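The values are calculated or read from the model by the stated rules, or taken from the named source; none is laboratory data. Treat the numbers as computed from the prediction; the structure is a model and nothing was measured. Don't worry about glycine lacking a Cβ; one is built from the backbone with ideal geometry, like all the others, and counts go over all protein chains shown. Note: accessible area is taken over every heavy atom of the protein model, side chains too, but ligands, DNA and RNA are not part of it. Shrake-Rupley method; radii C 1.70, N 1.55, O 1.52, S 1.80 Å.
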Amino acid sequence: MGASILSDLGTEILIPVCAVIGIAFSLLQWVLVSKVKLSPGRDPGSPRNNGAGGKNDCADYLIEEEEGLNDHNVVLKCAEIQSAISEGATSFLFTEYQYVGIFMVAFAILIFVFLGSVEAFSTKSQPCTYDQSRICKPALATAAFSTISFLLGAVTSVVSGFLGMKIATYANARTTLEARKGVGKAFITAFRSGAVMGFLLAANGLLVLYIAINLFKIYYGDDWGGLFEAITGYGLGGSSMALFGRVGGGIYTKAADVGADLVGKVERNIPEDDPRNPAVIADNVGDNVGDIAGMGSDLFGSYAESSCAALVVASISSFGINHEFTPMLYPLIISSVGIIVCLITTLFATDFFEIKAVKEIEPSLKRQLIISTVLMTIGIGVVSWVALPSSFTIFNFGDQKVVKNWQLFLCVAVGLWAGLIIGFVTEYYTSNAYSPVQDVADSCRTGAATNVIFGLALGYKSCIIPIFAIAVSIFVSFSFAAMYGIAVAALGMLSTIATGLAIDAYGPISDNAGGIAEMAGMSHRIRERTDALDAAGNTTAAIGKGFAIGSAALVSLALFGAFVSRAAISTVDVLTPKVFIGLLVGAMLPYWFSAMTMKSVGSAALKMVEEVRRQFNTIPGLMEGTAKPDYATCVKISTDASIKEMIPPGALVMLTPLVVGIFFGVETLSGVLAGSLVSGVQIAISASNTGGAWDNAKKYIEAGASEHAKTLGPKGSDPHKAAVIGDTIGDPLKDTSGPSLNILIKLMAVESLVFAPFFATHGGLLFKIF
């Protein structure tokens, strides 16, 4: 079979060094962002921004003077608003984490009790699951270490989300102040801030997983099957926290957004983010807790699960059986190289090319995706050559399939390029530079109803190419390397996670920057610049969601394969009633889950609308701008609603695999997993793209950048009001239900895998009775 070129010592150095480089690079970006001062003074940092330093100093100076740089009140106002947003986001996340912490401890106890009971809490060694001739560690050890890795994954996920929120609230006002000097400087500040989050998350996720594997190895020794089975808890911890972060944050942000838009823009005809609107602070807080903290936890969960799925399958293949350390950690080496590739890619946005005009923003972000994909393809080729033997075997439902290293390279590459295709298709359907969104905007001429019809049709149509891309990558990767191929294809899609997250976090930061500009009373020119950044950010957020959904489909399929192997199911036969009823119920679950999250947003928004109306009607001088609204009450409404409403959808996802596995057994559970995967992916793509298209159709009319857009505007016109209604309907679709669905499909799969030994031993109680 041959050995890998890269030595075990080389692997032990490469992975932590790449992770440390990622952390160091994110800290460097943070230092550069912090050079933008949030205190008044003549020198808020002339050649302050090393990225584009010195090229446009004269022009910057002129713009600064023209936009009234010396107006100390503006800078102080920005700092004050930023502080309010940061405090609101921090207080919400702490409240959320208190509730989630209780769940985390309770679920950790459940994991230990269920998995420990597989061998009646015996401490004796037992025959290995996949090779009865060998002796492995007791089930109680797997229970204990699975619990530890679950808690590790949960804490890492929470920290990832929290750090992302902190850097976003740190950077929003700084982006606003940089917008006075031109769109290029504001873009670099927002993008660098996104990069801090992207690199911190990618490097932390990799480092914690690598350290956990090495610590667990001290106890497990040669029992690699048991070791990597215990490591799957890491993915479960990451995704369960992501679910609550996504649902809770999504309900918070959209309740505030819908309330602010319906009363402020439609009824009162005041601009977006107008300081007179009582819900405006809650709306801006929501961008950080939903789109930043939620997205960070979500993509961390995907990364952790795809790594765990690949490691579990590899541990029962020739890598694990022959104890080949370097090939075994192939998934982690891919992620390590991904950090270096993303680092080089980021420099293209911040240092090599300078944005000088609004129209260059979106191409620059697209260039990030293309550069990272091309460089990563080369990186994967090198890694596959040095870290893998020329030929090896991969576990394939009871058999060992012979695979060549070039075939595994193609598996990872096909996932990587499928991600790029999904990203570009998403961009085509959600960017107002292309005809689909312009058609939706045009449909606003005849009112909100036609806008809704066109938007829904666009979302359904946008599923076609992404589904084909996912289908092709599944077929190619499975043909070459069975379930391991699918796991590394998912990892390929997520290998450029640092760049993907930087692009994704850039959107909410720009959105906040625009809100702060409006609230601080800055000139319309600055608002135009932040709006341009925000419109590009909307599209990139949709691209990020496309990546998350595509990778979730591949991850959950790989986890499904690992579950089927671990539960000792020889075939999943759709024609047997046990499996088919599971398929039907599984396909229904995403609809049930979406109904819960949509209704939660609706009922919270209802309270918000009533409160905003009450303040406009009862506070004298509020519309005239002589009195201040009560922002705190609106923040409290969003916080209370989201904490209360995130529990039922979370419980639905977490309890379904347990209930089905215990009462109906592993065959029915395999049907549920397959059904939820197939229907969940379609709903998630269409919901995210419909919402994104409605949002950008509204921005297209507001910007009035083309002759066509001017005929539909200006703000306050009937077509614009129809567009606002479409945008409001799309808010819970694109920011609550859609993004949460990808967590649903992978979380149920990873939970089933972690509990597979228990279900295989004690599951199917109802069928045993009857």
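Under 22 Å from Asp257 (Cα atoms), crowded, with 24+ Cβ neighbours inside 10 Å and more than 26 Å from the chain's Cα centre (by Cα): does that describe Val601? Taking the combined requirement at face value, the residue does not satisfy it. Can you say whether Leu365 is modelled with pLDDT of 95 or more, aliphatic (A, V, I, L, M) and farther than 30 Å from Phe319 by Cβ, as far as the supplied structure shows? Considered against the rule, which asks whether it is modelled with pLDDT of 95 or more, aliphatic (A, V, I, L, M) and farther than 30 Å from Phe319 by Cβ, Leu365 comes out as no.
Within region 496-507, can one find any residue that is at pLDDT 90 or above, in a helix (DSSP H, G or I) and surrounded by fewer than 24 Cβ atoms within 10 Å (Cβ to Cβ)? Among the residues of region 496-507, not one is at pLDDT 90 or above, in a helix (DSSP H, G or I) and surrounded by fewer than 24 Cβ atoms within 10 Å (Cβ to Cβ), which makes the answer no.
When the residues of region 348-371 are filtered to those that are open to solvent by 50 Å² or more (accessible area, probe 1.4 Å) and among the hydrophobic types (A, V, I, L, M, F, W, C), which remaining residue is nearest to the chain's Cα centre (by Cα)? Walk me through how you get there before you give the answer.
The initial filter retains those residues of region 348-371 that are open to solvent by 50 Å² or more (accessible area, probe 1.4 Å), namely 348, 351-353, 356, 358-360, 363, 366-367, 370.
Still in the list and also among the hydrophobic types (A, V, I, L, M, F, W, C): 348, 352-353, 358, 370.
Working: Phe348: 23, Phe352: 28, Phe353: 27, Val358: 26, Ile370: 20 Å.
This residue is Ile370.
Selection of region 220-255 for residues being open to solvent by 10 Å² or more (accessible area, probe 1.4 Å) and either in contact with a Leu (Cβ under 8 Å, 6 or more places away or on another chain) or not in a helix (DSSP H, G or I) (or both) yields Gly221, Asp222, Asp223. Being within 30 Å of Leu557 (Cα to Cα) and at pLDDT 90 or above is a property that does not hold for Tyr220.
Residue-by-condition table, conditions (1) out of contact with any helix residue (DSSP H, G or I) (no Cβ under 7 Å at 6 or more places or on another chain); (2) farther than 24 Å from Gly537 by Cβ; (3) open to solvent by 10 Å² or more (accessible area, probe 1.4 Å); (4) of a type in the set (Asp, Glu):
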site	(1), (2), (3), (4)
Lys636	yes, yes, yes, no
Leu655	yes, yes, yes, no
Ser679	no, yes, yes, no
Ala697	no, no, no, no
Ile701	no, no, no, no
Leu712	no, no, no, no
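If you take the residues in region 407-428 that are closer than 25 Å to Ala697 by Cα, open to solvent by 30 Å² or more (accessible area, probe 1.4 Å) and modelled with pLDDT of 90 or more, which one is farthest from the chain's Cα centre (by Cα)? Applying the filter and picking the extreme gives Tyr428. Just to be sure, is Ser510 surrounded by fewer than 24 Cβ atoms within 10 Å (Cβ to Cβ) and among the small types (Gly, Ala, Ser)? Considered against the rule, which asks whether it is surrounded by fewer than 24 Cβ atoms within 10 Å (Cβ to Cβ) and among the small types (Gly, Ala, Ser), Ser510 comes out as no.
For (1) open to solvent by 50 Å² or more (accessible area, probe 1.4 Å); (2) at pLDDT below 80; (3) of a type in the set (Gly, Ala, Ser), each residue gets a yes or a no:
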| site | (1), (2), (3) |
| --- | --- |
| Asn56 | yes, yes, no |
| Leu62 | yes, yes, no |
| Asn70 | yes, yes, no |
| Ala84 | no, no, yes |
| Glu87 | yes, no, no |
| Gln98 | yes, no, no |
| Ile102 | yes, no, no |
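None of Glu324, Glu362 is among the charged types (D, E, K, R) and under 21 Å from Ala502 (Cα atoms) except Glu362. When residues in region 372-402 are screened for being surrounded by fewer than 23 Cβ atoms within 10 Å (Cβ to Cβ), outside any helix (DSSP H, G or I) and touching a residue at least 40 places away in the same chain (Cβ under 8 Å), 9 of them pass.
Quick check on this structure: which one of Phe191, Phe216 is within 24 Å of Asp291 (Cα to Cα), open to solvent by less than 30 Å² (accessible area, probe 1.4 Å), touching a residue at least 60 places away in the same chain (Cβ under 8 Å) and of a type in the set (Phe, Trp, Tyr)?
Values: Phe216 fails: within 24 Å of Asp291 (Cα to Cα).
Of Phe191, Phe216, the one residue that is within 24 Å of Asp291 (Cα to Cα), open to solvent by less than 30 Å² (accessible area, probe 1.4 Å), touching a residue at least 60 places away in the same chain (Cβ under 8 Å) and of a type in the set (Phe, Trp, Tyr) is Phe191.
Within region 310-328, count every residue that is aliphatic (A, V, I, L, M) and more than 17 Å from Asn396 (Cβ to Cβ). Lay out the reasoning, then the answer.
So in region 310-328, the residues aliphatic (A, V, I, L, M) come out as 310-314, 316, 321, 328.
Filter again for more than 17 Å from Asn396 (Cβ to Cβ), leaving 328.
Number of matching residues: 1.
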